[in-house]
Amino acid sequence: MLRSLVGSEMCIRDSTGTYGRRIVGHLLRDKAVNVCAAGRSLRRLQQLGASLAAPDMATCVLDAGCAKSLRHALESEQPAVVISTAGPFQDESDFLVARSCIAHGVHYMDIADDSRFVTRFGKALDGEARERGVVALTGCSTVPSLTAAVMDAHVDEFDDFEAVHVAISPGNKLPRGSATIDSVLRCCGKPIQQLHGGEYQTVYGWQGIASNAFHGLGRRTVSFIDVPDWWLIPRKFPSLKSFSFGAGVELQWMMYGVWLLSWPVRFGILRDVSAMAPVLRRSSELFKGFGVDDGAMLVRMVGTTPGGMMELTWHMFCGGGDGPQTPCTPAIVLAKKAARGEIRPGARPADGDMDLAAFESEVDGYAFHFHVDRRHIRSPFEMALGENFMGLPVGIQGLLRVRGGEWRGEGGTAWIWSELWGGGSSEVKSPVLLRTFYDPNVGKLWWRWGNGIDAVLSFQDGVLILQQFGVCAVEFRCQATVDGMQADVSRVRVLGIALPRWISPTASGTVEQPTGGAELVVRLKVDAPLVGELVRLRAKLQSTHEALPLEGHGQRSRAVSYTHLTLPTKRIV
């Protein structure tokens, strides 16, 4: 097996495809690499060589679905590395190409982004690869290789790594193959498990449309799509409480067209819409003249720093039609490293073997631009109280900042509260009453009552707004007191309409930290018109922290405040 990069041969499977031809063209510039282009059609391979001004380029006619053809190609060409670019990978359930490479002592890379393929890859092949001393990596592409490299490069800027949002938006004029469209449509309307606020919830492919600001492009919309990162990234960074991934197309009407297609799948009317890939591809070509050939990607990371909560956003702009080089480059970087013997043997997803600096160096010469934004995040309470916030006791500041936390309760009242809000169980001693966390996808602080009812907290026009279900919004004003903070409900809105005072409930609450004490004392009083006092309660909060290891980054404090409440209720109706 060739271990030195100099003179080593790299065989690129499906060299005439959208990504294969780019990898071949890039590697042909490197005199240290001998390139062998592989594909089913000799005529197309010869045309590729002519288009790349390399008519003498080595070629290999290969049917990757045939074990005999694979064996013959590997034995005759004897490459050091095989890069597989032929999708859709979800159709390759037996890992035939990877197994054949491992059996012949050949390193293997692919650009798969199918969750099922990538997540099963290591378990199926790692033992064989280790035994043969072969590197077999899947997902050597934008996901998960590049996304993981971005996080690895910046995670040490945080004391606590809490939330990540990734968004990708290619330009409409960029080439798109049938396999790419097929892969995208297979997740349309299908359930995806998203980590949100420390818990997994179900979202659906090509739904959850959200607007993102891309550096160099402005605002574009993205939707949830199924990628391996949904489970790989939380596993790699166990302190994360929220992770989201979205992608989209440039033209808005196309985005909403795919969104409409997702609903029949979600409701079980259609099994999937991948059979429409050829039709949609031909249709999309009719509108290729609209839009631009510029694309972009962002990775937004949120966590605690000594200066408070920070949001760090890594931006990548790809101009001049060079966007498709993005999924190709991780495979190129990792293939060179494997040929040099710089990657430990084994079969696994490529979510930790590439350095971000190596990626940026490899795309030097293309129209790529990188930019990093850093900004400290202020919680809605900090914005509402202004300079008075820093005058609050330290314990209250910690409670009201953006950092995520949990409030747990003990006793009968806590159990009743959690049952009412969907999070309780008579078998749980200290049920969770409230979770708080920051979502970088929408840029807002979330409160989750019990285990499933979400509310979004924001600060607008001088008032704090707690919005529930997108239907009901409670506006309240805050002010600093001698020992803490007081909040009073000023207005309740339903569907954006303010309720008249005579039917609107009122509430007033305080949170205080007695001088020299470690506990926080919370008081809440709720009144209803015509009824009078509904609730009057007093709670004591006490925060503790736990430490969790981050894979490859040692020990880190996890910013989870476990708060124990005792609720001696004076009156509950």
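Here are the numbers for the structure shown:
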quantity: Whole-Å distance, taken between Cα centres, linking the stretch 191-229 and the stretch 122-147; calculated: 26 Å
quantity: Reference-scaled alpha-carbon Rg (2.2 N^0.38 Å with N residues) for the stretch 271-311; calculated: 2.21
quantity: Counting all C-alpha pairs of the stretch 344-394, share separated by more than 17 Å (%); calculated: 66 percent
quantity: Carbon + sulfur, % of accessible area of the stretch 75-176 - ligands and nucleic acids excluded, 1.4 Å; calculated: 43 percent
quantity: Where labels lie 7 Å past Cα in the beta-carbon direction, separation of SER361 and LYS123 in nm; calculated: 3.6 nm
quantity: Whole-Hz couplings from phi, Karplus 6.51/-1.76/1.60, listed for the stretch 258-273; x for Gly and Pro; calculated: 5, 4, 5, 5, 6, 5, x, 6, 4, 8, x, 6, 10, 6, 6, 10
quantity: FRET efficiency, ALA50 to GLN78 (Cβ-Cβ, R0 30 Å, nearest 0.05); calculated: 0.70
quantity: Whole-angstrom gap from the stretch 332-371 to the stretch 232-279, using each part's C-alpha centre; calculated: 27 Å
quantity: Long-range HN-HN contacts of LEU534 with modeled amide H, under 5 Å; calculated: VAL526, ASP527, ALA528
quantity: Alpha carbon Rg of the stretch 147-281, scaled by the compact-globule rule 2.2 N^0.38 Å; calculated: 1.10
quantity: Using θ = phi - 60° and Karplus 6.51 cos²θ - 1.76 cosθ + 1.60, couplings along the stretch 154-161 (whole Hz; Gly, Pro as x); calculated: 10, 4, 6, 7, 10, 6, 9, 9
quantity: Amide proton proximity set for ALA112, modelled H, under 5 Å, gap of 5+; calculated: GLY139, CYS140
quantity: Distance (nanometres) between label positions extended 7 Å along Cα→Cβ at GLU285 and GLN460; calculated: 4.5 nm
quantity: Rule-of-thumb Rg ratio for the stretch 214-305 [Cα; 2.2 N^0.38 Å; N residues]; calculated: 1.34
quantity: Where Rh is the Kirkwood radius over Cα pairs, Rg/Rh for the stretch 458-512; calculated: 1.01
quantity: Eligible lysines near LYS123 by straight Cα distance, threshold 29 Å, same-chain separation 8 or greater; calculated: LYS68, LYS190, LYS236, LYS241, LYS336, LYS337
quantity: Reachable lysines from LYS173, criterion Cα separation under 25 angstrom, eight or more residues apart if same chain; calculated: LYS288
quantity: Within-9-Å neighbourhood charge of ASN212 [Cβ basis; K, R +1; D, E -1]; calculated: +3
quantity: Surface accessible to a 1.4 Å probe, per residue, for the residues of the stretch 200-270, Å²; calculated: 40 Å²
quantity: Eligible lysines near LYS525 by straight Cα distance, threshold 16 Å, same-chain separation 8 or greater; calculated: LYS540, LYS570
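The values are calculated or read from the model by the stated rules, or taken from the named source; none is laboratory data. If you're wondering where the values come from, they're calculated on a predicted model, not measured in any experiment. Neighbour counts are summed over all protein chains in view; Cβ atoms, including those assigned to glycine, are modelled from backbone coordinates with ideal geometry. Note: areas computed on protein heavy atoms with side chains; ligands, DNA, RNA excluded. Shrake-Rupley method; radii C 1.70, N 1.55, O 1.52, S 1.80 Å.
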